[in-house]
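Input: a single structure, listed below in structure tokens.
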Amino acid sequence: MIRKWEDLQEIRKRGERKIRPNKIKITVGTATCGLATGSAEVLKAAREAVEQTGLDAIVAQAGCIGYCQMEPIIDVWIPGFPRIFYSQMTSTKVRQIVEALKKGEHKPEWALGKIISETNIIDESVFNYTSEKVPLEIAKIHHLNDVPFYKKQFKIVLRNCGFINPEDIEEYIGAGGYQTLFKVLTEKHKPQELIETVKKSGLRGRGGGGFPAGRKWETVAKAPGDIKYVICNADEGDPGAYMDRSVLEGDPHSVLEGMILGAYAIGSHHGYIYVRHEYPQAVKKFTKAIEQARELGILGKNIFGSGFEFDMKINRGGGAFVCGESTALMASIEGEVGEPRPKYIHTAESGLWNRPTNLNNVETWANIAPIIARGADWFASIGTESSKGTKVFSLVGKVNNTGLLEVPMGITLREILYELGEGIPEHHRFKAVQTGGPSGGCLIVDTFGWKHREYLGDTAPPAVSYVTESLIDLPVDFDTLTEAGSMMGSGGMIIMDDTSCMVDIGRYFLNFLKEESCGKCTPCREGIRNMLAILNRISAGEGKMEDIDRLVEIAQVLQDASLCALGGSAPNPVLSTIRYFRSEYEEHILHKRCPAGVCKALIHYSIDPLKCTGCTVCVKACPENCITGKKQKPHKIDDARCIKCGSCQEVCKFNAVVIQ
Amino acid sequence: MIHEKVAAIVDKYEADKESLIMMLQDIQDIYHYLPEEALRYIAERMDIPLTQLYAVATFYKAFSLTPEGEHTIHVCCGTACHVKGADRIVDRLERELHVKEGGTTLDKRYTLKTVRCVGACSLAPIVMVDDEAHGRLNQDKAAKLVRPKKPA
């Protein structure tokens, strides 16, 4: 039980020693992305190697440091040395590292980067890793911050991810955690002060809507009633975004501390976290975090002896996208079908069990403790005029570096894509970036769409004036993305290149939303179905020119008449692709051609005889046995029997399989 | 038999309606579907109309009213996986297992499902076999996940 400041400091010291012990520590990243690339084997191999070699070292686990593409990532801490990160580990490599360490050697050739000092975001304390002369081979390893992917990052939300053991509360406290909460509760800060700080900081909800968090808190605090709830929305449904999972798996206490602070500010004693059931690791880690916090008296009655009472409960979702919508989420916690309620009654006044309820998402909550600790002005000094602080983006799709990155708001798409992401894989052209999940849209960030129209001999001016302008230098914040026809959403950024068909993307999202529409209101239920039918027709080569106008017309009805944001924003992906890639729709309709080579009904696979070496790999891969040809002679695909599965293209090493 | 197990689950959550979805998930985990008997028991014990339970059981994707396979294959169809060929993987697994998406193999070993996003997008395309994620797949690698392992 923590009662006094000294109690907390004692645990902090213990935690610091666990984070940076007085012997070698090998930390393996074992969040979901690590596990999917085999970090469980790496962890096992590291443990075995340490035992076999008799190296005096600790093998530990942590969350993800964001560069998921480079997983499995491990880091090696040696007292007095920089912290060295190694990427793309295998059991063999990790064994060799342990053997090298035993001999006092290193493996700089496998290093991703090193860190020589760390600044704590909560109390600004600095820790310098290097205290004595390090060997030249280590001095030569470049700094992690010089790796393109990390260059412009600034971590508030992901401050501890990958650095601490998420299953040990002492390490969170060791990194400065729960100090803010302790001060607020024991020094009897006024709840209103906290609300003012959050308001002044300019923090906007990170779940998609971007509603000012402080204003929401204030409404709930002022709402009449003794029982109020706080909820953490961890039903991260937007496909392509996974920052919430990463925070819950890598640093669950940061969310918990934010929620307790929020509960204190608005006068709530009961909290809920609603986690998707697709995230089993996150559920496991957060459950453990709650238990450990209870043991130390950070949850429950009389927290830190201050008299404040608050407890939490985890609810696992049932697998319904619409439950990310606040009212549907609340219905789901109540054990009901997750259908949204009309919005004329605000959840801030009548939410869960008809009580005032404050709901924020994982990333928003993780921002709270640093804001309270460092003050509103500090937070407001980061970001743009209307969007303060940082945002975590998941940069995924057809881009060279994929992973989670946290950058100040206002950074341009160019910086994210070409500097941090290091551009598009070779031989391909950048086409669009999709943001905001199924409610967002596709943004074109060069003039490809317009040039393509010229190429088609279409001289009419583009429908929207700034299509010809380059959007690549668009500063990314809540408002600029909305103006450009998409939205920030929860921060997924899916990069698409010339092999992604925009009609198919529109179709994909509508298909997704058709499944996920709860069916309560007609515009959403029927509108999506009809739009999808039209798109299916277009991608089958049976579209008519008037279909494009029809799509826009139905979209209008959905936007105007749907009950909740799911329906209201459902047409966005289609509207934005029509807005920026109309020519691609026209190409499907007029010329029965899919320029990206995706829509099955409009494509044919063939083998380029000049490139084919006759290696027979595709012959073996073809499930229909419809590729023929002798060894070392160009092969042929029997078009009549081809099921267009693309297996041959996946296995061909000579790019000889072409789509027409 | 069913009653005892279900009763234990309901007790674990103290028959709290707020935990209804989690109770159903635990039942689904044990039986690979929601047996009618279990739903009737919960309806009576917690005084919830059976129609309401039926609504919940059919609304959420996590539940099934017909028996599913021993292992569930979830092909991630999130946006990142989609642009990296998740559809091809679904097609391939459908052919490999001789079932359509949502179906269960005759030997009741596998149920093939798609999922919106498992949140490991940088390793797209992804397939989850039960709780285990497999990343950076192509059609061949995905097919190998469901083929019987060769004896060593």
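The values are calculated or read from the model by the stated rules, or taken from the named source; none is laboratory data. Computed from a predicted structure; not experimentally measured. A quick note on method: Cβ atoms are made from the backbone with ideal geometry, for glycine too, and the neighbour counts reach across all protein chains shown. For accessibility, only protein heavy atoms count, side chains too; no ligands or nucleic acids. Shrake-Rupley method; radii C 1.70, N 1.55, O 1.52, S 1.80 Å.
Figures for the structure shown
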read-out: Cα coordinate range in region A:223-287, projected on the principal axes (Å, largest first); value: 39, 21, 16
read-out: FRET E, pair residue B:11, residue A:14, Förster distance 51 Å, beta-carbon r, rounded to 0.05; value: 0.85
read-out: Sparse-neighbourhood loop sites, trypsin sites (Lys or Arg not before Pro) in region A:219-301 - DSSP loop, at most 13 other Cβ within 10 angstrom; value: A:301
read-out: With Cα atoms, 0 to 90° folded angle of helix B:20-31 axis to chain B main axis; value: 60
read-out: Region A:200-343: Lys pairs at Cα distance under 17 angstrom, eight or more positions apart or on different chains; value: 9
read-out: Cα lying deepest toward the dipole's positive end in the protein assembly as shown, options A:502, A:157, B:65, charges on Cβ; value: A:502
read-out: Simple Cβ-charge dipole of region A:53-114, Lys/Arg +1 and Asp/Glu -1, about Cα centre, in debye nearest 20; value: 80
read-out: Unit charges on C-beta of K, R, D, E only; dipole of the protein assembly as shown, Debye; value: 1620
read-out: Mean accessible surface per residue for region A:261-335, computed with a 1.4 Å probe while every protein chain stays in place, in Å²; value: 26
read-out: Antiparallel bridge percentage (DSSP; both residues within region A:263-402; nearest 5); value: 25
read-out: Distance from region A:147-195 to region B:41-75 (C-alpha centre basis), Å; value: 39
read-out: Inter-chain shielding of A:316-324 (mean C-beta neighbours from other protein chains, 10 Å cut-off); value: 5
read-out: Lysines whose Cα lies under 21 Å from that of residue A:644, excluding same-chain neighbours fewer than 8 positions away; value: A:592, A:600, A:611, A:620, A:636, A:653, B:84, B:100, B:141, B:144
read-out: Selection from A:626, A:198, A:5, by position along the positive dipole direction of chain A (Cβ); value: A:626
read-out: DSSP beta bridge pairing in region A:189-339, given as percent antiparallel to the nearest 5; value: 15
read-out: For chain A, the spread of Cα positions along each principal axis, largest first, Å; value: 77, 68, 42
read-out: Those trypsin sites (Lys or Arg not before Pro) in region A:40-103 that DSSP places in a loop and that have at most 13 other beta carbons within 10 Å; value: A:103
read-out: Selection from A:15, B:39, A:297 lying farthest towards where the dipole of the protein assembly as shown points positive, charges on Cβ; value: A:15
read-out: Sorted peptide list for A:346-353, A:143-150, criterion being average Cβ within 10 angstrom, highest first; value: A:346-353, A:143-150
read-out: Overall Cα dimensions of region A:1-93 - principal axes, largest extent first, Å; value: 46, 30, 24
read-out: Rounded to 5, percent antiparallel among DSSP beta bridges of the protein assembly as shown; value: 55
read-out: Point-charge dipole on Cβ atoms (K/R +1, D/E -1) for region A:70-164, about Cα centre, debye to 20; value: 200
read-out: Cα centroid separation - region A:272-287 against region A:409-444, whole Å; value: 30
read-out: Accessible surface of the protein assembly as shown, 1.4 Å probe, proportion on carbon and sulfur as whole %; value: 51
read-out: Kirkwood Rh (inverse of mean 1/r, distinct Cα pairs), chain B, angstrom; value: 16.8
read-out: Candidate lysines - alpha carbon under 17 Å from residue A:114, same-chain residues fewer than 8 apart omitted; value: A:25, A:133, A:140, A:151, A:152, A:155
read-out: Within 10 Å of each Cβ in B:81-94, the average number of Cβ atoms from other chains; value: 5
read-out: Helix-only CD estimate at 222 nm, as mean residue ellipticity for the protein assembly as shown, using -39500 (n - 2.57) per DSSP H run (n ≥ 4); value: -11500 deg cm²/dmol
read-out: Inter-centroid distance (Cα atoms) of region A:470-497 relative to region A:590-615, Å; value: 32
